[in-house]
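One structure is given here, and the rest of the page talks about it.
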Amino acid sequence: MPRWGMVIDLDRCTGCAACEVACKSENNVATASPDQAAMGRAISWMKVMTEVHGEFPDNRLRFVPRPCMHCDNPPCVKVCPVAATYISPEGIVGQIYPRCIGCRYCANACPYTVKYFNWYEPTWPASERAHLNPDVSVRPKGVIEKCTFCHHRLQKAREDARAEGRELRESDYQPACAEVCPTQAIVFGDLDNVRHRVNELRHDPRAMRLMEDLGTAPKVYYLTPRQ
Amino acid sequence: MNSRWLAERAAQLKRRPRLLGLVAAAILVAGGASLVAGQRGVSQPIAFNHRKHTQDLQLDCEFCHQYVRTGAHSGLPSLEVCAMCHQARQGTSREAERVTAFVEQGRPLVFAKLFQLPAHVFYTHRRHVGIAQLECRNCHGDIALTTRPPRRPLVRVGMRACLNCHRRTGQTTDCVACHR
């Protein structure tokens, strides 16, 4: 059984935020108004965090794209009172929206702050409404949502593979962020499969995970920048 | 005074059930009306006779529901599909005459969907009919034997029905395999 994970090379990331845009467009994430964003209620499953090093003019900006870490030991799953968030056998931390009661325990439990509450009914400008992705449900107001590693793509890819009577290939299932990254900083695949690139990259000496000391065992690895 | 109060109270109590009854009757009538309204369900432009087509004429479901093996939706027949046979008048029924009229006038024939899939469910006919070779009857009941289009689904398919079948046949019961 695969164990889906991601490796993000911080040396390659230019902070273009194409992953953020692709994610929002793929997953029907509504745009927030400036007022809502000021209250910290904007939703961004994939977020490019910035880090400033040094003082002007000798400063450097570093970027850290942050999706859901899909922890092997997810704190959000432990606190969910209705099993709306759970970890699948393939390691994807799923969110089942019709089950979610919006208690926001998980959002508070997540050390990476990747779980977002829908404070408002999602709205889009009229020009964008026709472009919503039919493969992803639009979340109603009052539920939590999060990065799902674009698992709707896995559903389709697996079906295609079965219809054609073959095994699932690495290229069949790639989340939108990995697909769109112009510098290929985001690599996605089965962490346990030796034929997948992520397996090789996660054993790189530069590989590290965010807040590893918490014991969450994230499945998103970062390759630290070379100095 | 005491006795007068008692008499009034007794009269009140006597009257109350009647009042309550009136209110209850009003609620029942209103509720009944709304129920009847809800029971109208789905109506079709043509009273399509499934039995005639699938039993008497031995047509395959796929003949009209063209994408049942290859698509997410099985598809509802367009006027062109009806026109394959109904270009000329077929049979003696009034509905067959109406179909021919539709064809002759080139008026679009739009059938209404009977089964509605919730937006958060990933389901494709290809996976279930094309790959797993399930019978239509498993989820749609004996719709092929109906003589008039049903206003409501003959079988109510909920998550319980999906899970029961998935468990019985050893298929995945992982939430994200079907929820999206």
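The values are calculated or read from the model by the stated rules, or taken from the named source; none is laboratory data. Since the structure is predicted, the reported quantities are computational estimates derived from the model, not experimental observations. All Cβ positions, glycine included, derive from the backbone under ideal geometry; neighbour counts span all protein chains shown.
If the condition is being away from chain B (no Cβ under 12 Å) and hydroxyl-bearing (S, T, Y), then segment A:66-115 contributes A:Y105, A:Y112, A:T113. Those strands (runs of 3 or more DSSP E) of segment A:1-106 in which 2 or more residues are touching a strand residue (DSSP E or B) at 6+ places or on another chain (Cβ under 7 Å), of a type in the set (A, V, I, L, M, F, W, C) and buried (at least 18 other Cβ atoms within 10 Å of the Cβ) occupy A:4-9.
In segment B:130-142, what residues are under 23 Å from B:N49 (Cβ atoms) and part of a helix (DSSP H, G or I)?
Just the residues of segment B:130-142 that are under 23 Å from B:N49 (Cβ atoms), to begin with: B:135-142.
Answer for segment B:130-142, where residues must be under 23 Å from B:N49 (Cβ atoms) and part of a helix (DSSP H, G or I): B:R137, B:N138, B:C139, B:H140.
Take the residues in segment B:106-122 that are at the interface with chain A (Cβ under 10 Å from one of its Cβ atoms) and either out of contact with any Phe, Trp or Tyr (no Cβ under 9 Å at 6 or more places or on another chain) or assigned to a helix (DSSP H, G or I) (or both); name whichever of them is nearest to B:P150 (Cα to Cα). Only one residue fits best here, namely B:P118. Could you say whether any residue in segment A:131-143 is within 24 Å of B:T124 (Cβ to Cβ), crowded, with 20+ Cβ neighbours inside 10 Å, facing chain B (nearest Cβ under 10 Å) and out of contact with any strand residue (DSSP E or B) (no Cβ under 9 Å at 6 or more places or on another chain)? Within segment A:131-143, one or more residues are within 24 Å of B:T124 (Cβ to Cβ), crowded, with 20+ Cβ neighbours inside 10 Å, facing chain B (nearest Cβ under 10 Å) and out of contact with any strand residue (DSSP E or B) (no Cβ under 9 Å at 6 or more places or on another chain). The lone criterion from (1) modelled with pLDDT of 95 or more; (2) touching a Ser or Thr at 6+ places or on another chain (Cβ under 8 Å); (3) loosely packed, with under 15 Cβ neighbours inside 10 Å; (4) within 30 Å of A:Q36 (Cα to Cα) left unmet by A:A176 is number (3). Only one entry of B:R160, B:R98 meets the criterion of being surrounded by 14 or more Cβ atoms within 10 Å (Cβ to Cβ), among the basic types (K, R) and outside any loop (DSSP other than H, G, I, E, B), and that entry is B:R98. Of the residues making up segment A:181-190, just one is out of contact with any Asp or Glu (no Cβ under 7 Å at 6 or more places or on another chain), in a loop (DSSP other than H, G, I, E, B) and crowded, with 17+ Cβ neighbours inside 10 Å, namely A:C181. Here B:C165 meets each of (1) surrounded by fewer than 16 Cβ atoms within 10 Å (Cβ to Cβ); (2) more than 14 Å from chain A (Cβ to nearest Cβ); (3) closer than 25 Å to A:D160 by Cα with one exception, condition (1).
Looking only at segment A:154-180, residues that are assigned to a helix (DSSP H, G or I), more than 10 Å from chain B (Cβ to nearest Cβ) and free of Cβ contacts under 8 Å to residues at least 24 places away in the same chain come to 4 in all.
Is there a residue in segment A:122-133 that is among the acidic types (D, E) and either in contact with a helix residue (DSSP H, G or I) (Cβ under 6 Å, 6 or more places away or on another chain) or not in a helix (DSSP H, G or I) (or both)?
In the first step, residues of segment A:122-133 are kept if they are among the acidic types (D, E); the result is A:128.
Those still in the list that are either in contact with a helix residue (DSSP H, G or I) (Cβ under 6 Å, 6 or more places away or on another chain) or not in a helix (DSSP H, G or I) (or both) too: none.
Looking for residues that are among the acidic types (D, E) and either in contact with a helix residue (DSSP H, G or I) (Cβ under 6 Å, 6 or more places away or on another chain) or not in a helix (DSSP H, G or I) (or both), one finds none in segment A:122-133, hence no.
Restricting attention to segment B:123-152, the residues being of a type in the set (V, I, T), surrounded by fewer than 16 Cβ atoms within 10 Å (Cβ to Cβ) and either under 26 Å from A:L154 (Cα atoms) or within 14 Å of chain A (Cβ to nearest Cβ) (or both) number 1. Among the criteria (1) part of a helix (DSSP H, G or I); (2) loosely packed, with under 12 Cβ neighbours inside 10 Å; (3) within 14 Å of chain A (Cβ to nearest Cβ), the one B:V176 does not fulfil is (2).
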